[in-house]
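Asker: Take this structure first; my questions come after.
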Amino acid sequence: MDDLTNTVALVTGAGAGIGRAIALRLAMGGADLGLFDLNTAGANATAEAIAALGRRVVVAEGNVASRAEVLRGVETIANALGQIDILVNNAGILRTAAFLDVTEEDWRRMFAINLDGVFHFSQAVLPAMVARRSGAIVNVSSWTGKKGVPNHAAYGATKAAIINLTQSLAGEFGNLGIRVNAVCPGIIVDTEMRAEAEEMNRAQGLPDVATRVQAIPLRRAGTPDEIAELVAFLASNRAAYMTGQAINVTGGHWMN
């Protein structure tokens, strides 16, 4: 188990799915948690599970696309728990559509949440990390950020931008003791986003998960817990010599 004792981690989108799994895994490693989500009911449920592990936990409600709400959330969490040592930018949404059917509203909303959220939180948390000359940021991207996929143009563009931003920050802040990495999940089941994606795929006549996993070498989809394991590793000192990486967790579906 990673030793994250005496650290404070902030996880966005922690109310469900991958975000909840990440928050719980970091708590099991010894971290105290700040949870940021619009879904306060989900975040509070996650908080209850973390408190049951004996860790301190604070919930801040807000939209990652709003700079003002992000700044308030970071202040609330830091005031309650202390300095933020680990930032996990997980919050995101998915809308699939043939490119010519992508609405401007969906395009801008995905960029606002998926990418602007990473920008807002990184700018909010990095100054204190710079002052301490330590910290770890883990951004949740996607395999579609490495390979263009039909009907995923907007989503994939946001995730590709996250990989580039990850690398830029790793290069800029590495000499200050701050590591920045990304994880790139493949097809992940047991999340609300996956359920919504299945509905969208069905409406567009796209293959379902059962069909798509046949192209995956491991012949199955992943789970939120499997993503959380990699995030915990990257957040810990076990990954002390790793920065600027975008690591696939796809069962072999994508290998570059």
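Asker: So, in segment 148-169, exactly how many residues are part of a loop (DSSP other than H, G, I, E, B) and either aromatic (Phe, Trp, Tyr) or in contact (Cβ under 8 Å) with a residue 60 or more places away in the chain (or both)?
Answerer: Final tally of qualifying residues: 0.
Asker: Looking at (1) over 28 Å from Thr76 (Cβ atoms); (2) touching a strand residue (DSSP E or B) at 6+ places or on another chain (Cβ under 9 Å), can you tell me which one Glu198 breaks?
Answerer: (2)
Asker: When only residues in segment 63-82 that are in a loop (DSSP other than H, G, I, E, B) and touching a strand residue (DSSP E or B) at 6+ places or on another chain (Cβ under 6 Å) count, which is farthest from Asp3 (Cα to Cα)?
Answerer: Taking the candidates together, the pick is Val64.
Asker: Just to check your reading of the model, which residue among Ala232, Ala170, Ala221, Ala182 is small (Gly, Ala, Ser), surrounded by 14 or more Cβ atoms within 10 Å (Cβ to Cβ) and modelled with pLDDT under 95?
Answerer: On the way: Ala232 fails: modelled with pLDDT under 95; Ala170 fails: modelled with pLDDT under 95; Ala182 fails: modelled with pLDDT under 95.
After ruling out the rest, the residue left standing is Ala221.
Asker: Quick check: is even one residue across segment 33-45 in contact with a Lys or Arg (Cβ under 7 Å, 6 or more places away or on another chain), crowded, with 18+ Cβ neighbours inside 10 Å, over 20 Å from Asn181 (Cβ atoms) and of a type in the set (A, V, I, L, M)?
Answerer: No: zero hits.
Asker: Can you spot a residue in segment 189-199 that is farther than 24 Å from Phe119 by Cβ and of a type in the set (Lys, Arg)?
Answerer: yes
Asker: Next question. Looking at Ala16, Ala65 in this structure, which one is in contact (Cβ under 8 Å) with a residue 60 or more places away in the chain, among the hydrophobic types (A, V, I, L, M, F, W, C) and surrounded by fewer than 24 Cβ atoms within 10 Å (Cβ to Cβ)?
Answerer: Of Ala16, Ala65, the one residue that is in contact (Cβ under 8 Å) with a residue 60 or more places away in the chain, among the hydrophobic types (A, V, I, L, M, F, W, C) and surrounded by fewer than 24 Cβ atoms within 10 Å (Cβ to Cβ) is Ala16.
Asker: Are any residues in segment 2-52 aliphatic (A, V, I, L, M), in contact with a helix residue (DSSP H, G or I) (Cβ under 7 Å, 6 or more places away or on another chain) and not in a helix (DSSP H, G or I), and if so, which ones?
Answerer: Matches in segment 2-52: Leu4, Val8, Ala9, Leu10, Val11, Ala14, Ala16, Leu33, Leu35.
Asker: Right, next: Under the condition of being among the hydrophobic types (A, V, I, L, M, F, W, C) and closer than 15 Å to Asp85 by Cα, which residue from segment 231-256 is nearest to the chain's Cα centre (by Cα)?
Answerer: First, pick out the residues of segment 231-256 that are among the hydrophobic types (A, V, I, L, M, F, W, C): 231-235, 239-240, 242, 246-247, 249, 254-255.
Keeping just the survivors that are closer than 15 Å to Asp85 by Cα gives 231-235, 239-240.
On the way: Val231: 9, Ala232: 12, Phe233: 14, Leu234: 12, Ala235: 12, Ala239: 18, Ala240: 20 Å.
Within segment 231-256, the match that is nearest to the chain's Cα centre (by Cα) is Val231.
Asker: Another question about this same structure. Would you point out which residue out of Val74, Val140, Val58, Val130 is surrounded by 22 or more Cβ atoms within 10 Å (Cβ to Cβ), modelled with pLDDT of 95 or more and either farther than 30 Å from Gly205 by Cα or touching a Leu at 6+ places or on another chain (Cβ under 9 Å) (or both)?
Answerer: Result of the check over Val74, Val140, Val58, Val130: Val74.
Asker: Can you tell me which residue is nearest to Trp143 (Cα to Cα) among those in segment 174-211 that are among the charged types (D, E, K, R) and over 23 Å from the mean Cα position of the chain (by Cα)?
Answerer: Ranking the candidates gives Asp208 first.
The values are calculated or read from the model by the stated rules, or taken from the named source; none is laboratory data. What you see is a predicted model; the values in this text were computed from it and never measured. Neighbour counts run over all protein chains shown; Cβ positions are idealised from the backbone, glycine included.
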